[in-house]
Amino acid sequence: MHGAYLTERSRAAATLRNMDISGASAIVTGGASGLGEATALLLAERGAKVVIVDLPRQEEKAKDVLAATGGVFAPTDVTDEEQVIAAVEAAKELGPVRVLVNCAGIGWPQRTIGKDGQYSSAHGLDIFKKVVEINLIGTFNCIRLAATAISQSEPLDEFGERGAIVNTASVAAYDGQIGQAAYSASKGGVVGMTLPIARDLSAVGIRVNTIAPGFIDTPIYGAGDAADGFKNKLAPNLLFPNRFGFSREFATLAVELVTNSYMNGESIRCDGGVRMPPK
């Protein structure tokens, strides 16, 4: 009986394909630039209808990616419930919502205490709260609302698959550097909630995975001599390849996690083997 079951399931598995996202709506937060932009472009190449979720001030920057994807821009603060709902509703207008990729986030380095031993120079509590609010709470806000819309879509196969979510953490979740307490805490939270959310959403056929990128050359590092100097300081810690990653390399992994129906509940480092030193 058991052998017959395996044979039957093996035959079924042989006919399976990756989750089809052509014609589906895909929401990408932080989609106006960097990791989000690259992911939006690749999702559109695969036939998805992309909604770029980003702050209103990013709309001008989003014009190129919108032109390339044929997508729409949804001005959104990811921590604002009503604005995220509006973005999700905009996605529903384009097609069944199947995909959410969370790339929105900020970094704000500061040491836990100051050098002068004064309470006033300790890490700003408002700064810590802000980083956690955007990177962790904002990610969860988008997950809970987008997943609600995905759950309303018809299953794509006999196994009940409806869609997939990919979050962005960071290698700082595992080996955060000096001054990264807030950032590491927020990204560690994203890693920590991946499995329980995947378990929650398994009931409605939604998969959840997280990417923890390393040194990817994106606008988060800024521009100019100071940014170049900072990147040059990090370069010796790279293993192989001995360079910063490309946004497209993140995007290809994100799309694989979206479409590979057997990837679920995982947090994957995409970092060229780097392990960050204390500073």
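The values are calculated or read from the model by the stated rules, or taken from the named source; none is laboratory data. Being a predicted model, the structure only gives us computed values, none of them experimental. Backbone-built Cβ (ideal geometry, glycine too); neighbour counts: all protein chains shown.
Go over the candidates 201, 238, 234 one by one and state the one that is under 20 Å from residue 142 (Cβ atoms) and of a type in the set (A, V, I, L, M).
Working: 238 fails: under 20 Å from residue 142 (Cβ atoms); 234 fails: under 20 Å from residue 142 (Cβ atoms).
Checking each option against the conditions leaves just 201.
Matching residues to (1) surrounded by 20 or more Cβ atoms within 10 Å (Cβ to Cβ); (2) at pLDDT 95 or above; (3) touching a strand residue (DSSP E or B) at 6+ places or on another chain (Cβ under 9 Å); (4) among the acidic types (Asp, Glu):
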| residue | (1), (2), (3), (4) |
| --- | --- |
| 45 | no, yes, no, yes |
| 55 | no, yes, yes, no |
| 105 | yes, yes, yes, no |
| 112 | no, yes, no, no |
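Examine the range 35-42 for a residue that is farther than 21 Å from residue 146 by Cα, part of a helix (DSSP H, G or I) and among the small types (Gly, Ala, Ser), and state whether such a residue exists. Spell out the reasoning first.
First, pick out the residues of the range 35-42 that are farther than 21 Å from residue 146 by Cα: none.
No, the range 35-42 contains no residue that is farther than 21 Å from residue 146 by Cα, part of a helix (DSSP H, G or I) and among the small types (Gly, Ala, Ser).
Within the range 192-207, count every residue that is under 15 Å from the mean Cα position of the chain (by Cα), part of a helix (DSSP H, G or I) and crowded, with 17+ Cβ neighbours inside 10 Å.
4
One line per residue, one yes/no per condition, for (1) out of contact with any Lys or Arg (no Cβ under 6 Å at 6 or more places or on another chain); (2) in a loop (DSSP other than H, G, I, E, B); (3) of a type in the set (Lys, Arg):
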site: 123; (1), (2), (3): yes, yes, no
site: 129; (1), (2), (3): yes, no, yes
site: 134; (1), (2), (3): yes, no, no
site: 139; (1), (2), (3): yes, no, no
site: 147; (1), (2), (3): yes, no, no
site: 155; (1), (2), (3): no, yes, no
site: 160; (1), (2), (3): yes, yes, no
site: 165; (1), (2), (3): yes, no, no
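Within the range 62-91, work out how many residues are surrounded by 16 or more Cβ atoms within 10 Å (Cβ to Cβ) and among the charged types (D, E, K, R).
1
So for the range 171-179 (the condition being among the hydrophobic types (A, V, I, L, M, F, W, C) and free of Cβ contacts under 8 Å to residues at least 24 places away in the same chain), does at least one residue qualify? Walk me through how you get there before you give the answer.
Looking only at the range 171-179, we keep the residues that are among the hydrophobic types (A, V, I, L, M, F, W, C), and these are 171-173, 178.
Within this subset, residues satisfying the condition of being free of Cβ contacts under 8 Å to residues at least 24 places away in the same chain are none.
Within the range 171-179, none of the residues are among the hydrophobic types (A, V, I, L, M, F, W, C) and free of Cβ contacts under 8 Å to residues at least 24 places away in the same chain.
List pairs: first in the range 215-231 and without any contact (Cβ under 8 Å) to a residue 40 or more places away in the chain, second assigned to a loop (DSSP other than H, G, I, E, B) and not acidic (Asp, Glu), Cβ under 7 Å, 6+ apart or cross-chain?
What qualifies is 217/244; 217/246; 231/244.
Of the conditions (1) within 20 Å of residue 108 (Cα to Cα); (2) in contact with a helix residue (DSSP H, G or I) (Cβ under 8 Å, 6 or more places away or on another chain); (3) not small (Gly, Ala, Ser), residue 274 clears all except one; give me its number.
Going through the list (1) within 20 Å of residue 108 (Cα to Cα); (2) in contact with a helix residue (DSSP H, G or I) (Cβ under 8 Å, 6 or more places away or on another chain); (3) not small (Gly, Ala, Ser), residue 274 breaks only (1).
Could you please find all residues in the range 34-79 being hydroxyl-bearing (Ser, Thr, Tyr), over 13 Å from the mean Cα position of the chain (by Cα) and within 20 Å of residue 138 (Cα to Cα)?
Of the residues in the range 34-79, the ones hydroxyl-bearing (Ser, Thr, Tyr) are 39, 69, 76, 79.
So of that shortlist, the ones also over 13 Å from the mean Cα position of the chain (by Cα) come out as 69, 76, 79.
Listed by number, the residues that qualify are 76, 79.
Okay, residues lined up against (1) closer than 18 Å to residue 247 by Cα; (2) assigned to a helix (DSSP H, G or I); (3) of a type in the set (Phe, Trp, Tyr):
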{"residue": "47", "(1), (2), (3)": "no, no, no"}
{"residue": "61", "(1), (2), (3)": "yes, no, no"}
{"residue": "68", "(1), (2), (3)": "yes, yes, no"}
{"residue": "109", "(1), (2), (3)": "no, no, no"}
{"residue": "114", "(1), (2), (3)": "no, no, no"}
